[in-house]
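FYI, it's all coordinate maths here, none of it is from the lab. Only a predicted model underlies this, so the values are computations on that prediction, with no experimental measurement involved. Here the Cβ is made from the backbone with ideal geometry for all residues, glycine too, and neighbour counts use every protein chain on show.
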Amino acid sequence: MSVNERTYIMIKPDGVQRNLVGKIIARFEERGYKLIALKLVHATPEHLEKHYEDLKGKGFFPGLIKYMASGPVVAMVWQGLDAVKTGRVMLGATNPLASPIGSIRGDYALSVGRNICHGSDSVESAEKEIALWFPEGIVQWTSELEPWVLE
Ligand code: ADP
């Protein structure tokens, strides 16, 4: 577990359409994570198939790609202590109905096919996803708040 761990977090088209972008960003900021990349992008099906390549055989795969390509997403990289695992806890379970109140999906979503957000499930997949969504690289900057967040 590293203090500089990075995770790829994405607000899906339903999160953008439902004006939840600010609320979701605020949760990561307020928790103490550092934003090191951010963009609004209307991804192509081909790009999304790469992102979800591990799920290619699943019955819901075509619907998932259609949903994800239906509008813009907010692609982000957040950095900080245990960002991958804690990021997933902040998102909630894949099925919003199984997500605790207080998590993003538990507070804002009902359906697994409209679950608002994505978060990397391991450090390795985070690295892969960051390279896929941010081939231009991330932004290096010094956070003056860091000593107040991390001992
Ligand atoms: P997670 O996004 O929590 O890592 P998965 O990698 O298993 O979950 O699935 C990727 C995405 O595919 C989910 O977030 C959800 O949008 C969609 N999905 C997963 N399972 C189903 C399903 N049974 N029906 C419809 N969509 C699904």
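Values as computed for the structure displayed
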item: Dipole moment magnitude, nearest 20 debye, segment 43-101 about Cα centre, only Lys, Arg, Asp, Glu C-beta charged; result: 120 debye
item: Reciprocal mean inverse distance between Cα atoms of segment 6-141 - Kirkwood radius, Å; result: 14.9 Å
item: Cα-centre dipole for segment 6-141 with unit charges at Cβ (Lys and Arg positive, Asp and Glu negative), debye to 20; result: 320 debye
item: Segment 36-79: trypsin sites (Lys or Arg not before Pro) falling in loop per DSSP and having at most 12 other Cβ within 10 Å; result: Lys56, Lys58
item: Amide hydrogen neighbours beyond the local backbone of Ser99, cut-off 5 Å, H modeled; result: Ala93
item: Share of Cα-Cα pairs in segment 75-151 lying beyond 18 Å, as whole percent; result: 52 percent
item: Range of Cα positions in segment 48-113 per principal axis (Å), largest first; result: 32, 27, 23
item: Among Val21, Ser70, Thr44 - extreme Cα towards positive end, dipole of the chain, charges at beta-carbon; result: Ser70
item: Estimated inter-spin distance, Lys56 and Gln17, nm [label 7 Å along Cα→Cβ]; result: 2.8 nm
item: Footprinting exposure proxy for Arg105, Arg18 (fewest neighbouring C-beta atoms within 10 Å first); result: Arg18, Arg105
item: Residues Trp133, Trp78, sorted so that the one with the fewest Cβ neighbours within 10 Å comes first; result: Trp133, Trp78
item: Neighbour-count order for Thr142, Thr94, fewest beta carbons within 10 angstrom listed first; result: Thr142, Thr94
item: Hits among lysines - C-alpha to C-alpha of Lys23 under 23 Å, sequence gap 8 or more where chains match; result: Lys12, Lys34, Lys39, Lys85
